[in-house]
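Below is one structure; the comments refer to it alone.
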Amino acid sequence: MNLNEITANIRLRNPWEAIDLGFSMVQKWWLSIYLPLALLTFGIASVLYLIFPKGNVWIASLIFWWLKPLYDRVILHILSHKLFNDELSTWQVLKALPSLIWNTGLFQSLTFRRFSLSRGFNLPIWQLEQLRGSRRSERQSVLHQIAHTYAAWLTIVMVNIEIVIVISLFGLFMLFLPEKTANDFFVGMFSNKVEYERWIDLLNYLFYVFAVTLIHPFYIGASFALYINRRTQLEAWDIELDFKKLALRFETLARNLIPALLCVFTLSLLSTSSPVAADEVTNVDPNSEIEVTEFLSDERLPAESSKQVIKETMLTKELNDKQTVTYWVRKDTAKKPKNDPDKFSFADFFEPFAKIMGFIIEFALWILVAIVLFLLFYFRDSWLHLFNIERKAKKESYQAPEVMFGMDVRPDSLPDDIISESRKLWDNKQHRESLSLLYRGALIRLINIEHVQLKDSFTEGDVLKHSQKKISEAKHLFLDNLTNNWKMIAYAHRHPTNEAMEQLFNTWVSDFAIEKVLSDLESNTSKKDGSKDE
Amino acid sequence: MTEMTNMTLEQASELAQQLKTEIGKAVIGQKQVIHETLIALIAGGNVLIEGVPGLGKTLLVRALAATFSGQFNRIQFTPDLMPADVTGHTLYDLDNKSFSVRKGPVFTNLLLADEINRAPAKTQSALLEVMQERQVTIEGEAHPVPLPFMTLATQNPLEQEGTYPLPEAQLDRFLLKIYINYPRDNEESLMVAAVTNKQTGNQLNISNVSAVATPETIQAMQALAADIEVDKSVIEYAVRIVQATRDWQGLSIGSGPRGSIALISAARAQAMLHARDYITPDDIKEIALPALRHRLALAPEMELEGYSTDQILQGILDKIEAPRQ
């Protein structure tokens, strides 16, 4: 590294200015950076696309993203050479790839350091300084002291810019599609009904590769500039450079001035010279004179006077920019009494207990967190469905209700003998109550014995419809008849005839209120009989 | 032709079946649309039919008019249509030196307001009075329209270009909003065969439809339907459904009291079609979608998610407790 060769203006900057310098470096040397980088990124992207075709392009995108530390190294390699005025050809960059892969800590960067937010900033320590182990971590901690926050934010901002570019490119592409196609696509996207289409995957992938190729050099450039700036702060590169420039000027001055002085001296010996003539000779190169006076004054002051001048200079406004900063300080910390070993202090006495309590509470809290996590996992079905309305509708579990339509539908709410109870009500001219009891009994049978899933919102028609496939034809016929009679008394206030009611009572016993197993047996027997007949 | 002004419920139901059969001779398929249109006619309401052009909306109205020898007028709504073109206006008669009223096309039994959402709101609103009060006011004088009267408005789906959405007040005056969809494969084949058989051009053929009723019998059916018994619990059920729409998540505007009235009126007509002299909660549930779907507005987030008012209404019907004593 030869600071004399440095091509950027090195001065002490604040971190944002340093980031600006990084961006300018990329803008200035864009051709040298983008050509090899594009070859590398698009090459890798193409290979990945061929390996992970249809339906798995997201894996290709993920791997491409994961390989970002590799691109970092290539970009830094180019930038570091350009900074010290060393021109690299694309071929030279590609040729350096193996050494960049093996000698720059790429394995660590691709594994446990992959998610480091200051990845770009740390890279020069690995790649340029080639430090490893404790020396690297010491070096890194020194460099991090001021610049780490900026380096981390830089990473976050740049990732976001990449995403913005991908979305913008997609939006731009959509502008060129027919309106209906684009609308359908967006509506489908929001209603989660986008069908898989290869072109969407390919476009997403291409846009992402393009965004990374475009933005990544700026990220590494800015990180590198932050690193250079931090080293300038620590190692006073700017002062060193200024001194070197000064030395160079002196050297030039000495080279021009000594022959001139020799010449003047010889001439003064040969002829009588006037002071005016001497002035003319010394002013042969007025520029060099100005350069000299710029650094060293002609006037040499004695030590006492210089002290006075220094004092006056130190009192100037530029060097006395004092600011008053106020902030809140806790009273107890500000006026903390010094520990008196002889004096009994409650705080000191309880400190060990407080520590034990603190430990117990912390432990209990962690157990609580573990329990909450376990419960969340265990009861995941009951809260996960909140995030998916359709799934909720599908998986709504059914439990036999106890109250429906304002009626008690528990089996034990019915009398032991429904028919005789209903018949009694009917004989007492309580027609509605009689039919109501019968209908309620039918519903309770449907729910608890036939396992028909009924809901509060079901009308009589819905009950019939839903029970049709669950119960035998004979039972359904009875239910239909009962429902019609019930509807007539409930909504038309007309009761059925005694004969119709008698028929209902009889059919209840013969067709409806029989055990399912029995009815199944009967239906099986009838099937067998039927087959025999055939 | 049946002349029955004092008919029984069974006769009315039978007549309604005949009307359906006659309409079915011209309109092939679309049974649900015919059924719901008849419900609206019997309930004395107006119908908004939504569907893309060319599905037989005009044919349906003409066939319906032909079944009871009713008058039929059609107004093609266009952006430059004026309210006076719909209702009528006064003209100065030079011979009699006085103003005479020229009645507009609304003076008819069946009014087909074709593509009603092609005209601006001002013209659409010209129908408000006649739809609600069965009369038209011209120059301060009220002129009743012949009875039975029904407006059948058709509209293209609102997403189409050059359409003006109907104002809420107007929408509320339609008893039912009916969706008309493409016919099924076999129905379409039958229709193509019927329309192209021995016929030049593609004009609507209603020659097969014979009149089975008169305007008076239709009025008698309407009176009979209005007399159908409604239990208090059923009215409460209808009101519960309508009230639920007002604070239901996913709806920004719920239905007003006209929604409950429409539910009961349409359920009465439905019960009459089934020859029943009382209505049940099933009638309310069956008619709830066409009677309420146009009275609701979806919340923006539900629209974005692609939900329709029918889906939300179905959700409400699935949650509202049905009456049972």
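Residues in region A:63-105 that are within 29 Å of A:Ile10 (Cβ to Cβ) and outside any helix (DSSP H, G or I): A:Phe84, A:Asn85, A:Asp86, A:Glu87, A:Leu88, A:Ser89, A:Ala96, A:Asn103, A:Thr104, A:Gly105. Could you look through region A:131-152, keep only residues that are surrounded by fewer than 16 Cβ atoms within 10 Å (Cβ to Cβ) and either in contact with a Gly (Cβ under 9 Å, 6 or more places away or on another chain) or of a type in the set (Asp, Glu) (or both), and pick out the one that is farthest from A:Ala38 (Cα to Cα)? My answer is A:Glu138. Filtering region B:278-318 to residues that are outside any helix (DSSP H, G or I) and surrounded by fewer than 22 Cβ atoms within 10 Å (Cβ to Cβ) leaves B:Tyr278, B:Ala297, B:Leu298, B:Ala299, B:Glu305, B:Gly306, B:Tyr307, B:Ser308.
Being hydrophobic (A, V, I, L, M, F, W, C), in contact with a Ser or Thr (Cβ under 9 Å, 6 or more places away or on another chain) and over 23 Å from B:Leu171 (Cα atoms) is not true of B:Val239.
Of the candidates B:Ala275, B:Ala271, the single residue that is in contact with an Asp or Glu (Cβ under 8 Å, 6 or more places away or on another chain) and surrounded by fewer than 17 Cβ atoms within 10 Å (Cβ to Cβ) is B:Ala275.
With respect to being of a type in the set (D, E, K, R), facing chain A (nearest Cβ under 9 Å) and surrounded by fewer than 23 Cβ atoms within 10 Å (Cβ to Cβ), B:Glu321 fits the description.
Per-residue answers, yes or no, for (1) under 15 Å from the mean Cα position of the chain (by Cα); (2) surrounded by 14 or more Cβ atoms within 10 Å (Cβ to Cβ):
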site	(1), (2)
B:Thr8	no, no
B:Ser13	no, yes
B:His35	yes, yes
B:Val47	yes, yes
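Close contacts from region B:234-257, counting a first residue that is of a type in the set (Asp, Glu) and a second that is not in a strand (DSSP E or B), with Cβ to Cβ under 9 Å and a gap of 6+ residues or different chains, come to B:Glu236/B:Pro323; B:Asp247/B:Gly254. Within region A:487-504, being more than 9 Å from chain B (Cβ to nearest Cβ) and either within 18 Å of B:Pro323 (Cα to Cα) or crowded, with 17+ Cβ neighbours inside 10 Å (or both) holds for A:Ile489, A:His495, A:Pro496, A:Met501, A:Leu504.
Entry remark, region A:184-236: residues being surrounded by fewer than 14 Cβ atoms within 10 Å (Cβ to Cβ) and of a type in the set (Ser, Thr, Tyr) number 2 in total. Of the residues B:Ala269, B:Ala275, B:Ala297, the single one that is in contact with a Gly (Cβ under 9 Å, 6 or more places away or on another chain), closer than 29 Å to B:Ile228 by Cα, among the hydrophobic types (A, V, I, L, M, F, W, C) and not assigned by TED's automatic domain parsing to the domain that holds B:Tyr179 is B:Ala269.
Filtering region B:302-311 to residues that are over 10 Å from B:Leu289 (Cα atoms) and either more than 10 Å from chain A (Cβ to nearest Cβ) or without any contact (Cβ under 8 Å) to a residue 24 or more places away in the chain (or both) leaves B:Met302, B:Glu303, B:Leu304, B:Glu305, B:Gly306, B:Ser308.
Of the helices (runs of 4 or more DSSP H) entirely within region A:421-492, those holding at least 3 residues that are touching a His at 6+ places or on another chain (Cβ under 8 Å) and touching a residue at least 12 places away in the same chain (Cβ under 8 Å) occupy A:431-448. Of the strands (runs of 3 or more DSSP E) lying entirely inside region B:75-193, those containing at least 2 residues that are hydrophobic (A, V, I, L, M, F, W, C) and surrounded by fewer than 21 Cβ atoms within 10 Å (Cβ to Cβ) span B:98-103. Number of residues in region A:106-148 that are within 23 Å of the chain's Cα centre (by Cα) and not in a helix (DSSP H, G or I): the value is 8.
Checked against the criterion of being under 30 Å from the mean Cα position of the chain (by Cα), closer than 30 Å to A:Asn204 by Cα and without any contact (Cβ under 8 Å) to a residue 12 or more places away in the chain, region A:63-75 contains not a single residue that satisfies it. The residues on offer are B:Ala63, B:Ala26, B:Ala16, B:Ala43, and the sole one that is more than 29 Å from B:Gln124 (Cβ to Cβ) and touching a residue at least 24 places away in the same chain (Cβ under 8 Å) is B:Ala16.
Residue check: is A:Asp520 at pLDDT below 80, away from chain B (no Cβ under 14 Å) and out of contact with any helix residue (DSSP H, G or I) (no Cβ under 6 Å at 6 or more places or on another chain)? In short, yes. How about region A:444-482: which of its residues are surrounded by fewer than 21 Cβ atoms within 10 Å (Cβ to Cβ), within 12 Å of another protein chain (Cβ to nearest Cβ) and either within 15 Å of A:Phe505 (Cα to Cα) or at pLDDT 80 or above (or both)? Those that are surrounded by fewer than 21 Cβ atoms within 10 Å (Cβ to Cβ), within 12 Å of another protein chain (Cβ to nearest Cβ) and either within 15 Å of A:Phe505 (Cα to Cα) or at pLDDT 80 or above (or both): A:Gly461, A:Asp462, A:Leu464, A:Lys465.
Table: residues versus (1) aromatic (Phe, Trp, Tyr); (2) over 13 Å from B:Leu41 (Cα atoms); (3) in a helix (DSSP H, G or I); (4) within 14 Å of chain A (Cβ to nearest Cβ).
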| position | (1), (2), (3), (4) |
| --- | --- |
| B:Ser210 | no, yes, no, no |
| B:Thr217 | no, no, yes, no |
| B:Ala223 | no, no, yes, no |
| B:Val234 | no, yes, yes, yes |
| B:Arg240 | no, yes, yes, yes |
| B:Ser252 | no, yes, no, no |
| B:Ile261 | no, yes, yes, no |
| B:Gln270 | no, no, yes, yes |
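Okay, residues lined up against (1) hydrophobic (A, V, I, L, M, F, W, C); (2) under 23 Å from B:Lys319 (Cα atoms); (3) out of contact with any Gly (no Cβ under 6 Å at 6 or more places or on another chain):
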| position | (1), (2), (3) |
| --- | --- |
| A:Lys455 | no, yes, yes |
| A:Glu460 | no, yes, yes |
| A:Leu464 | yes, yes, yes |
| A:Leu477 | yes, no, yes |
| A:Asn484 | no, no, yes |
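Contact annotation: residue pairs with Cβ atoms under 6 Å, 6 or more positions apart or on different chains, pairing a residue in region B:70-84 that is on the phi < 0 side of the Ramachandran plot and touching a residue at least 24 places away in the same chain (Cβ under 8 Å) with a partner that is assigned to a loop (DSSP other than H, G, I, E, B) and among the small types (Gly, Ala, Ser), are B:Phe77/B:Ala119; B:Leu81/B:Ala119.
If I go through region A:429-443 residue by residue, how many of them are facing another protein chain (nearest Cβ under 8 Å) and of a type in the set (A, V, I, L, M, F, W, C)? Final tally of qualifying residues: 0.
The values are calculated or read from the model by the stated rules, or taken from the named source; none is laboratory data. Note that the structure is a prediction, hence the values are computed from the model and not measured. Glycine gets a Cβ as well: all are built from the backbone with ideal geometry, and neighbour counts include every protein chain shown.
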